[in-house]
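Here the structure is laid out as structure tokens; the discussion comes afterwards.
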Amino acid sequence: DVVETQEHYKSRWRSIWIMHLTMFLSSVGFSIVIMSVWPYLQKIDPTADASFLGWIIASYSIGQMVASPLFGLWSNYRPRREPLVVSTAISVAANCLYAYVHVPHSHNKYYMLTARALVGFGAGNVAVVRSYIAGATSLMERTSAMANTSACQAVGFILGPVFQTCFTLIGEEGITWKLVNLQLNMYTAPVLFGALLGVINIILIFAIFRECRVDDMGRQCKSINYEGEERGVLDQDAEGNTDHVAVVAINILFFVILFVFAVFETIATPLTMDMYSWTRKEAVFYNGIILSVVGVESVIVFMVVKTLSKKTGERAILHGGLLIVLVGFFILLPWGKKLPNIQWQEIKNNSIPRAIPTEMLMPFWNLQVMQPPSNYTEPVGCPVTQSWCLNTPMIYLAQYICSDILIGLGYPVCNVMSYTLYSKILGPKPQGVYMGWLTASGSGARILGPVFVSQIYTHLGPRWAFSLICGIVVVSLLLLEIVYKRLIAFSVRYGRVQE
């Protein structure tokens with residue numbers, strides 16, 4: 001047994017914190033422009049409609065889904081610095097492309113689509129980040145490190161729109177740098193700031209990041225990747241087969257967790273507009289406040305779960321998190337007798353109808369920019385074109401807020417425990433490809449979730465939509481019960497460490 005030296009310990013944790021920073025920057029890259037995509041798209045290409053905006057939003061997740069297994073495979077056989085630097089460089093280049101999508105004389109919307117897809121492709125490095133953290137922490141350290149990683153990701157999603165808001169002070173026209181044909185305005189400044197953060201991240205990876213590895217007991221090991229000109233050799237603790245039943249089960253559970261959360265954040269605006277007769281502006285403002293509070297709640301949960309897991313274990317906490325999510329969606333079912341206000345106003349030819357299926361494919365923050373003409377009075381309430389509005393009871397505001405709180409509590413718990421259990425099940429073997437598939441399953445869920453809820457909610461209403469979600473969560477709980485005893489660490493499975 002090789003005892004870890006103090007120098008190795010410090011280098012290992014410095015590298016882990018660089019991975020946390022990389023995760024933070026990855027999520028900022030997604031959220032920093034999300035509020036301004038629609039007005040920028042309208043400005044550079046008037047031919048783009050709201051349905052094309054849905055493709056631009058989804059392109060990030062599609063790019064990440066494709067890239068995650070590829071970068072994961074790369075990290076299994078080469079130093080992780082290589083895929084980390086290349087992926088971050090792709091994100092930097094994609095952000096610069098986004099800043100120049102106004103330059104071409106035609107097809108500008110396709111350049112924007114390409115830029116966002118490449119940003120998502122670069123974000124596929126989260127598989128490398130999590131696989132490195134899994135190999136660089138002991139079993140005792142793993143939950144805490146994974147929770148910190150998820151917290152950094154959540155903070156990135158929260159602060160991205162904050163950065164965007166600050167850059168609105170530059171204005172829509174901004175400053176033009178004719179030498180390089182660059183317009184620095186409220187649309188391009190955020191992505192250029194993101195590109196700058198990416199360059200800083202690359203510098204820190206070169207300067208600070210080192211390949212470090214410990215076994216499940218925390219003993220220093222040789223790296224499983226190429227480092228310098230020599231390749232480390234796997235120690236004997238890596239001998240044994242991975243439990244692929246448990247691996248597939250966690251992938252399914254993680255897909256469900258991301259799927260239901262994507263449904264939750266997608267349904268917020270259409271649901272509140274239909275149930276409470278909120279205008280688009282009111283729905284964006286109030287839901288923005290609610291989801292910001294949920295984001296802060298999630299960060300707190302990430303911190304608390306590190307301590308709680310030491311007492312109860314990851315499997316029990318994952319079980320509890322899924323139950324909380326189930327209760328959260330169960331509360332959303334219409335139970336009362338009062339019907340929502342019906343939107344009877346006739347849609348004129350010169351008005352802008354509320355195209356619910358299209359809007360629901362977009363996050364709530366994109367709706368704020370869809371401004372009606374000055375002579376247009378926005379109809380509010382549940383549109384009569386949705387036949388279920390005439391016979392489905394309304395969901396009271398107290399129900400909605402309680403549901404938000406519960407889902408905001410259950411989701412981060414399930415997120416952290418899934419990653420933690422997954423990494424422990426895989427054990428000391430290279431985890432890059434496996435982490436890539438887990439990330440890809442989450443990206444796929446974020447693509448399919450909005451599509452699912454847009455169809456079910458629009459045609460059948462909230463009762464069917466949330467009942468089906470409850471059913472999906474119940475099935476995932478049954479799956480967890482079936483594989484519960486198999487969700488144990490690799491070292492525990494082979495008797496090298498006691499659970």
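The values are calculated or read from the model by the stated rules, or taken from the named source; none is laboratory data. Because the structure is a prediction, the values reported are computed rather than measured. Here the Cβ positions follow ideal geometry from the backbone for every residue, glycine too, while neighbour counts run over all protein chains shown. Heavy atoms of the whole protein, side chains included, go into the accessibility calculation; ligands, DNA and RNA do not. Shrake-Rupley method; radii C 1.70, N 1.55, O 1.52, S 1.80 Å.
What is the sum of charges, Lys and Arg at +1 and Asp and Glu at -1, for the other residues whose Cβ falls under 11 Å from the Cβ of ILE57?
Around ILE57, the surrounding residues sum to +2.
Excluding ligands, DNA and RNA, what is the solvent-accessible area per residue of the chain at a probe of 1.4 Å, expressed in Å²? Please list the in-between numbers first.
Numbers: 21240 Å² over 499 residues.
Here the residues of the chain average 43 Å² of exposed surface.
Return the label of the correct value of Kirkwood radius over Cα pairs in Å, as calculated from the structure shown, out of (1) 27.7; (2) 23.7; (3) 26.8.
(2)
Under the rule of at least 5 residues apart or a separate chain, name every residue whose amide H is placed under 5 Å from the amide H of LEU182.
Those qualifying (amide H under 5 Å, at least 5 residues apart or on another chain) are TRP177.
Starting from the Cα-Cα distance between THR165 and VAL245, subtract it from 0.36 nm times their residue separation and give me the gain in nm to one decimal.
Working: separation 80, 0.36 × 80 = 28.80 nm, distance 4.55 nm.
Taking 0.36 nm per residue and subtracting the Cα distance, the gain is 24.2 nm.
In sequence order, what are the phi-derived ³J(HN,Hα) couplings for region 98-110 according to the Karplus relation 6.51 cos²θ - 1.76 cosθ + 1.60 with θ = phi - 60°, rounded to whole Hz, with x for glycine and proline?
In residue order, the calculated couplings are 4, 5, 10, 5, 7, 6, x, 7, 7, 6, 4, 5, 6 Hz.
Using only the heavy atoms of the protein chains and a 1.4 Å probe, how would GLU282, GLU265, GLU173 rank by accessible area, largest first?
Ranked list, largest accessible area first: GLU173, GLU282, GLU265.
What is the extension gain from THR176 to LYS43, computed as 0.36 nm multiplied by their sequence separation minus the C-alpha to C-alpha distance, in nm to one decimal?
Details: separation 133, 0.36 × 133 = 47.88 nm, distance 1.60 nm.
Extra length available between THR176 and LYS43 comes to 46.3 nm.
Please compute the net charge surrounding HIS244, taking Lys and Arg as +1 and Asp and Glu as -1 over other residues with Cβ under 14 Å from its Cβ.
Net of charged neighbours comes to +2.
Report the label-to-label distance for ALA207 and THR5 in nanometres (one decimal), using points 7 Å from each Cα along the Cα→Cβ vector.
2.4
So, taking all protein chains as they sit and a 1.4 Å probe, how much accessible area belongs to CYS402, in Å² rounded to tens?
Near enough 60 Å² of accessible area.
Just want the answer: with Cβ charges of +1 for Lys and Arg and -1 for Asp and Glu, which residue in TYR40, VAL294, MET65 is farthest toward the dipole's positive end in the chain?
Checked the options; the winner is VAL294.
Mind pulling the angle between the C-alpha long axis of helix 244-276 and the longest principal axis of the chain? Nearest 10 degrees, somewhere in 0 to 90.
The angle comes out at about 20 degrees.
Would you kindly find the accessible area of LYS10, with a 1.4 Å probe and non-protein molecules such as ligands, DNA and RNA excluded, rounding to the nearest 10 Å²?
Rounded to the nearest 10, the figure is 110 Å².
Projecting each Cα onto the charge dipole of region 1-222 (Lys/Arg +1, Asp/Glu -1 at the beta carbon, about the Cα centre), which of PHE52, THR5, PHE206 comes out farthest on the positive side?
Looking along the dipole axis, the top candidate is THR5.
What number, rounded to the nearest 500 deg cm²/dmol, is the helix-based mean residue ellipticity at 222 nm of the chain, given -39500 (n - 2.57) per DSSP H run of at least four residues and division by all its residues?
Values: 16 runs with 328 residues, N = 499.
Theoretical 222 nm ellipticity from helices: -22500 deg cm²/dmol.
Using +1 at the Cβ of each Lys and Arg and -1 at the Cβ of each Asp and Glu in region 1-222, identify which of PRO79, VAL92, LEU179 lies farthest towards the dipole's positive end.
Result: PRO79, furthest along the dipole toward the positive end.
For the residue pair ASN341 and ALA93, what label-to-label distance in nm results when each label sits 7 Å from Cα along the Cα-to-beta-carbon direction?
The modelled label-to-label distance comes out at 5.2 nm.
With θ set to phi - 60°, apply the Karplus curve 6.51 cos²θ - 1.76 cosθ + 1.60 along region 180-196 and write out the HN-Hα couplings as whole Hz, x wherever there is a Gly or Pro.
10, 6, 10, 9, 9, 9, 5, 8, 8, 4, x, 6, 5, 5, x, 5, 4
Could you tell me what percent of the accessible area of the chain is made up of carbon and sulfur, with a 1.4 Å probe and every protein chain present?
Details: 14020 of 21240 Å².
Result for the chain: 66 percent of the exposed heavy-atom area is carbon or sulfur.
Quick one: length gained pulling LEU323 to LEU196 fully straight, 0.36 nm per residue minus the C-alpha distance?
Difference between extended and current length: 41.6 nm.
Identify unpaired cysteines across the chain, taking unpaired to mean no other cysteine Cβ lies under 4.7 Å from the residue's Cβ.
That list is CYS96, CYS152, CYS166, CYS212, CYS221, CYS402, CYS414, CYS470.
What lysines could a cross-link reach from LYS281, if we take a straight Cα to Cα line under 26 Å and drop same-chain neighbours fewer than 8 places away?
Of all the lysines, those that pass the test against LYS281 - Cα under 26 Å, at least 8 places apart if same chain - are LYS43, LYS109, LYS338, LYS348.
Give me the accessible area of ILE482, 1.4 Å probe, in Å² rounded to the nearest 10.
The value for ILE482 is about 130 Å².
List the relative contact order of region 1-222 as a percent without decimals, with contacts defined as Cα pairs under 8 Å and 6+ residues apart.
37
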